[in-house]
1. I'd like the FRET efficiency for residue 191 and residue 75, computed as 1/(1 + (r/R0)^6) with the beta carbon distance as r and R0 of 56 Å, rounded to 0.05.
2. Find out how many positive minus negative residues lie around residue 233, taking Lys and Arg as positive, Asp and Glu as negative, among other residues whose Cβ is under 14 Å from that of residue 233.
3. Sort out for me the Cα centre separation of segment 139-202 from segment 219-249, rounded to whole Å.
4. Would you work out if segment 221-264 is rounded, prolate or oblate? Take a ≥ b ≥ c from the square roots of the eigenvalues of the alpha-carbon gyration tensor; rounded if a/c is under 1.5, else prolate when a/b is larger than b/c, oblate otherwise.
5. Separation between the residue 32 and residue 170 pseudo-spin-labels, each 7 Å from Cα along Cα→Cβ, expressed in nm?
6. For segment 182-236, run through the chymotrypsin sites (Phe, Trp or Tyr not before Pro) and keep only the ones in DSSP coil with at most 13 other Cβ atoms within 10 Å of their Cβ.
7. How about segment 171-223: which trypsin sites (Lys or Arg not before Pro) there lie in a loop by DSSP and see at most 16 other Cβ atoms within 10 Å?
8. Just to verify a number: what accessible area does residue 31 come out at with the full protein assembly present, 1.4 Å probe, Å² rounded to tens?
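The values are calculated or read from the model by the stated rules, or taken from the named source; none is laboratory data. Computed from a predicted structure; not experimentally measured. Glycine gets a Cβ as well: all are built from the backbone with ideal geometry, and neighbour counts include every protein chain shown. Ligands, DNA and RNA are excluded from the accessible area calculation, which covers all protein heavy atoms including side chains. Shrake-Rupley method; radii C 1.70, N 1.55, O 1.52, S 1.80 Å.
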Amino acid sequence: MATTGRTDVTALGSLGIDDDAERLYRQALRHDGSTLDEHVDRLGWTPERTRAALAPLLQAQLVREDVAGRLTAPHPRTALTRLLEREQARVDLRRRELEDVAAVVGDYSADHLAGRTDAVDPAALDAVPAELVAPTVEEVLRSTSGVIRSCHLEVGAGPAADAGVDRDARRLVARGRELRSVYPADVLDHEERLAWVRGWAAAGERQRVVERVPAEFTVFGTEAVIAGPVWGRPVSSAVLLRMPLLVAAFTAVFDDAWRSGLPVPDEGLEQDAETRLLALLGTGFKDEAIARYLGLGLRTVRRRVAVLMDEHGVHTRFQLGAVAERRGLLRRRSD
């Protein structure tokens, strides 16, 4: 009687054992030592079909056939574990091969980009569509030198979040290229964004926070700028600028924001509260931004400002700033 049901099959398909072979394997486990002809009778198959099902089992060493045609099966825990380990090794090798391919996607993208840009005037303004922003950043990272200056309207977004850009930038920083970034002060309000910023600090990035970041852009040495096409607003596309005058202008904008900014506060940092508050007032931070930076409530900040004004005998924040200036707290940072 022919057997047509398909129950108890396909479990070993991922190991290259098809339905017929798996059904025969189960028969061999249940009737160890039976001949191939006996299995033909039990399964209701033709000898040819049974012999075809036996071939992958013999190749995988799940079943052995002796000279008398008897089939024996080693304990499945040992046999299948061996197959699983072999398959896992094959998968691991394939994964490494795919990772190698992923690692060079940026290189091929850069070659493609170079083919598009080499033919144009290097002083031109090039529009970069959203899908090419990350490979453009990778190409410019590799083809320029000098300090990288980045202003971030958003944290952990845009090309900075691209795996290829992240990898290339970290490699350059590890090799000694200087990376400076300016972030909005409200990054201090979000643990995930602050963790992202501190992760880059650990990688070697130099950082400042400001109350308001002027725009989204990155200056690559003295050679190029990649900026959002809309000033002061994050967008997915970008423009690539190589005109020296424009590169110098963006560098000046960044350096001004850098000098007016403050370091990202270290976890557990203890400083004189009055000194830190006066320094923050001198940068032009509003009370809300000062509260974020110091990790205090807004009312607490305003109360402390009022106390300082009273202690120094002044009536306005401007007068308080003048006192701080005389104390040397508000000297602009040139580093």
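1. Details: r = 52 Å, r/R0 = 0.93.
Taking R0 as 56 Å, the efficiency between residue 191 and residue 75 is 0.60.
2. The answer is -1.
3. 16
4. In terms of gyration-tensor shape, oblate.
5. 5.1
6. For chymotrypsin sites (Phe, Trp or Tyr not before Pro) across segment 182-236 that sit outside H, G, I, E and B with at most 13 neighbouring Cβ atoms in 10 Å, the list reads 231.
7. 175, 212
8. Ignoring ligands and nucleic acids, residue 31 comes out at about 60 Å².
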